[in-house]
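Reviewing the structure listed below.
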Amino acid sequence: MAARIDDLLVLGQNISKTDLAKYLRDREAVLPFDFGGLGDGAANDRAAIQACFDRAATDKKFTVIPPGTWRVDAGVVLGGGARGLIMQGVIQYTGATNAPATVLTLGDGGTTRNGEKLYLGLQVTRQFQSDWLSENDIGILARNLDSSLIDLRLVSGFTIGLRTLGDGRGFEDSTLNLGRILNNRYGIDAHAATATAWNTSIRYYGGHFACGTGINPALDRFGVRFSRGAADAYNNHNRHVFDAPNFELRQLDPNVAIPFLNETNGTAIIARNMRMEGCSPFAARHTAAATDCEYDVAWAQSYAIGVDYTPSATRAGNAVFNRHRAPTSRLTRLLAHIPNIRAAAFWQSSTEIGVEGACIMATSTTAETTMAALSWNGLNGITATARGLLLNPNRGIGFVVQTTHAKEFALAHWLVGGADGGRLCLRCFDGAGIVRENIAGDALASGTTLQWAPTSKTWQAGAVMQESDLNRRQTVRFGPEVAFAQIGIIGFDGQIEVEALRLYGLPEDAPAILSGCPALPAGSRTLMFSASWDLPSMPPGATSNADVTVPGARRGDFADASLDTSSIAFVLDCHVWSNDKVRVTARNVSLSTVDLPAAALHVQVVKRRVG
């Protein structure tokens, strides 16, 4: 049986114990065999492995785990002084299913930087599958690595397979080659423990994230999680890039099985060419304010793959690219656009301005509750300029869109001269067109946190849209119960001079943009009325009047009328004489008395364009 270095027998007179110890220290690598380890799958090798790791850290060497099964009854730590670890065998934790442990810890914690480390062939398993009830059950914990390489062959059976940890400083700028990550509730957990830590700029290649049938079937499972420890811990995990990960997470009711879980406010989590089998129809679940994340699905069992936003989520602005069924999902669809708002402007009345194809929005106090009543055809507080419309802070321009199926949209606006300014403004309505008031999850935005304004019944952006804050381009997402929505831009912080407005959506849906129709007249220059008119018997030169109601008509509007008759004995005059009131006058211009049967009367009112 092998013995510890200090206990080795001196086998020849020319070899002293001191010389042998020096020889072992001078080697490039330290092995647990040097400290009595066996790796036979039966002995408890924890003490030998820890002694080996301590020597490697002290002497700044590599340590090697030779072929075999190296059983441990508790965790082992390879300090940051070691150059790295090469594993040919497997470390197997022998604890019970409900006995959590952090089995293999790599690097020092605290504020120590563990730079330029090399960890190859890592294999850590559990003898007994974890019950997943404790997050202290971790296969591999890698702390504060910088410019390092992890080559992971196998981690199996834990609550957390591999945790990358920024402790008192960062885990950053490193590369992970991933192999089999099996039967873990969280395959990888990118974690920051404190406010002075971070976890950013990591590259991942490959990875087979899988759970077997019958493994804790009542519990949700995820391939990769982004998380933090303390409430004030670093929360901006960013630029984690995954190439070709494979997820087979075995979704079985009642669990959910989702490749990515993001509990942070980070950005730029990028996954390319994902494979999803046995997963829920979501590439990711977001619970906070993460944005600018992209999930490229190369294969799945459904083309309807999306992002699951929980009620606690406060930002949208993430994308799923369904490469496998619908490559055009990489594109966006232009749903509505007003390339020249000044040219589309009209006088709703002598003091009110509207925009053809859009609704006018107001953030002043209102008691109205319906979509039609909250979508104005025109309002005061809007002034025409040489190139655009100048909106007062409580005025806005937007589109009304059906959102029963389509849920994600991008609003692009242009202020005269390319100026910064304006804020997103949204209203949500149910299927009956009744406004939904302050319901969590109804509306999210990408570059800002939306705030509820109860007096106007709107969701308003928490920040001005400007290039310096990288929030000028905004994506919005609506909840499952929102059937219709207003999406617009308001002044809020001051007047804004709007020149153009465009709304984009995803290509799988072509939702209706509501304007100029009976259900929503807003955004229309042309108003129509039709009714039957039975003129009396009229002698030559006689006239007859009909006063009709045309909602929205105002004095100064152009008005015209026609009568569905073949008679040429009459001429019609038409005039808007009061709000919503139009007078039609028929004059008999023939030389004889005429008595016509009832005929259809049509009245058209056209708003004046802003000159």
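The values are calculated or read from the model by the stated rules, or taken from the named source; none is laboratory data. Remember, predicted model here, so these are calculated numbers, not experimental data. FYI the Cβ positions are ideal-geometry reconstructions off the backbone, even for glycines, and counts take in every protein chain you see. Quick note on the areas: whole protein, heavy atoms, side chains included, nothing else; ligands and nucleic acids left out. Shrake-Rupley method; radii C 1.70, N 1.55, O 1.52, S 1.80 Å.
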Practice task
Sort out which residues of region 552-609 are crowded, with 18+ Cβ neighbours inside 10 Å, in a loop (DSSP other than H, G, I, E, B) and under 48 Å from the mean Cα position of the chain (by Cα), and write them in order of number.
Solution key: Gly552, Ala553, Arg554, Asp557, Lys607
Practice task
Inspect region 539-550 for any residue being under 30 Å from Ile487 (Cβ atoms) and free of Cβ contacts under 8 Å to residues at least 60 places away in the same chain and give the result as yes or no.
Solution key: yes
Completion exercise
Residue pairs within 6 Å by beta carbon, gap of at least six or interchain, first lying in region 111-139 and at positive phi, second in a loop (DSSP other than H, G, I, E, B), listed first then second, are Glu116/Ser147; Trp132/Thr159; Trp132/Arg185; Trp132/Asn216; Trp132/Leu219
Completion exercise
Out of (1) over 43 Å from the mean Cα position of the chain (by Cα); (2) crowded, with 18+ Cβ neighbours inside 10 Å; (3) in contact (Cβ under 8 Å) with a residue 24 or more places away in the chain, the one Ala42 does not meet is (2)
Exercise for the section: Evaluate region 322-344: report whether one residue or more is open to solvent by 50 Å² or more (accessible area, probe 1.4 Å), without any contact (Cβ under 8 Å) to a residue 60 or more places away in the chain, within 26 Å of Gln451 (Cα to Cα) and not aromatic (Phe, Trp, Tyr). Expected result: no
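Open to solvent by less than 40 Å² (accessible area, probe 1.4 Å) and in contact with a Phe, Trp or Tyr (Cβ under 6 Å, 6 or more places away or on another chain): does that describe Gly491? Give the derivation first.
Working: open to solvent by less than 40 Å² (accessible area, probe 1.4 Å): yes; in contact with a Phe, Trp or Tyr (Cβ under 6 Å, 6 or more places away or on another chain): no.
It is false that Gly491 is open to solvent by less than 40 Å² (accessible area, probe 1.4 Å) and in contact with a Phe, Trp or Tyr (Cβ under 6 Å, 6 or more places away or on another chain).
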Fill in the blank from the handout: In the set Tyr309, Tyr303, the lone residue that is aromatic (Phe, Trp, Tyr), under 26 Å from Leu503 (Cβ atoms), out of contact with any helix residue (DSSP H, G or I) (no Cβ under 8 Å at 6 or more places or on another chain) and surrounded by fewer than 17 Cβ atoms within 10 Å (Cβ to Cβ) is Tyr303
Handout entry: Top-ranked residue in region 127-137 [being in contact with a strand residue (DSSP E or B) (Cβ under 8 Å, 6 or more places away or on another chain) and open to solvent by 20 Å² or more (accessible area, probe 1.4 Å); ranked as farthest from Gly79 (Cα to Cα)]
Key = Gln127
Handout entry: Selected residue [assigned to a strand (DSSP E or B), open to solvent by 10 Å² or more (accessible area, probe 1.4 Å) and in contact with a Gly (Cβ under 9 Å, 6 or more places away or on another chain)] from Gln451, Gln460
Key = Gln451
Practice task
All but one of (1) within 21 Å of Gln495 (Cβ to Cβ); (2) over 30 Å from the mean Cα position of the chain (by Cα) hold for Glu356, so report the exception by its number.
Solution key: (1)
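I'd like to check something: does region 465-477 contain any residue that is in contact with a strand residue (DSSP E or B) (Cβ under 9 Å, 6 or more places away or on another chain), at pLDDT 95 or above and open to solvent by 50 Å² or more (accessible area, probe 1.4 Å)? Can you show your working first?
Within region 465-477, the first condition is being in contact with a strand residue (DSSP E or B) (Cβ under 9 Å, 6 or more places away or on another chain), and the residues that meet it are 465, 471-477.
Checking the rest, the ones that are also at pLDDT 95 or above come to none.
Checked region 465-477: no residue is in contact with a strand residue (DSSP E or B) (Cβ under 9 Å, 6 or more places away or on another chain), at pLDDT 95 or above and open to solvent by 50 Å² or more (accessible area, probe 1.4 Å).
Could you tell me whether Asp151 is open to solvent by 20 Å² or more (accessible area, probe 1.4 Å), assigned to a strand (DSSP E or B) and in contact with a strand residue (DSSP E or B) (Cβ under 8 Å, 6 or more places away or on another chain)?
yes
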Handout entry: Test: residue in region 516-537 that is of a type in the set (S, T, N, Q) and within 31 Å of the chain's Cα centre (by Cα)
Key = no
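Out of the residues in region 242-267 that are within 23 Å of Gly168 (Cα to Cα) and open to solvent by 10 Å² or more (accessible area, probe 1.4 Å), which is modelled with the lowest pLDDT? If you could, list the steps in order and put the result at the bottom.
Filtering region 242-267 down to residues within 23 Å of Gly168 (Cα to Cα) leaves 262-267.
Add one more test, that the residue is open to solvent by 10 Å² or more (accessible area, probe 1.4 Å), and what stays is 263, 265, 267.
Working: Glu263: 98, Asn265: 96, Thr267: 93.
If we take residues in region 242-267 being within 23 Å of Gly168 (Cα to Cα) and open to solvent by 10 Å² or more (accessible area, probe 1.4 Å), then Thr267 is modelled with the lowest pLDDT.
Rundown of residues vs (1) of a type in the set (A, V, I, L, M); (2) under 24 Å from Leu520 (Cα atoms); (3) without any contact (Cβ under 8 Å) to a residue 12 or more places away in the chain, yes/no style:
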site: Ala453; (1), (2), (3): yes, yes, no
site: Ser456; (1), (2), (3): no, yes, no
site: Gly462; (1), (2), (3): no, no, no
site: Asn471; (1), (2), (3): no, no, no
site: Thr475; (1), (2), (3): no, no, no
site: Gly479; (1), (2), (3): no, yes, no
site: Ala485; (1), (2), (3): yes, yes, no
site: Gly488; (1), (2), (3): no, yes, no
site: Gln495; (1), (2), (3): no, no, no
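How about region 283-311: which of its residues are assigned to a strand (DSSP E or B) and of a type in the set (S, T, N, Q)?
Thr291
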Practice task
Filter region 58-81 for residues that are within 43 Å of the chain's Cα centre (by Cα) and not in a strand (DSSP E or B) and give the result.
Solution key: Asp73, Ala74, Gly75, Gly79, Gly80, Gly81
Fill in the blank from the handout: Flagged in region 95-120 as open to solvent by 10 Å² or more (accessible area, probe 1.4 Å), within 22 Å of Val64 (Cβ to Cβ) and assigned to a loop (DSSP other than H, G, I, E, B), in numbering order, are Asp108, Glu116, Lys117
Exercise for the section: Say whether the condition of being open to solvent by less than 30 Å² (accessible area, probe 1.4 Å) and touching a Ser or Thr at 6+ places or on another chain (Cβ under 6 Å) is met by at least one residue in region 354-361. Expected result: yes
Practice task
State whether one or more residues within region 379-387 are open to solvent by 30 Å² or more (accessible area, probe 1.4 Å), in a strand (DSSP E or B) and either modelled with pLDDT of 95 or more or closer than 23 Å to Leu527 by Cα (or both).
Solution key: yes
Fill in the blank from the handout: Scanning region 186-218 residue by residue, those open to solvent by 40 Å² or more (accessible area, probe 1.4 Å) and under 23 Å from the mean Cα position of the chain (by Cα) turn out to be Trp198, Arg203
Practice task
State all residues of region 432-444 that are closer than 17 Å to Val400 by Cα, open to solvent by less than 60 Å² (accessible area, probe 1.4 Å) and not acidic (Asp, Glu); if no residue qualifies, say none.
Solution key: Gly433, Val435, Arg436, Ala443, Leu444
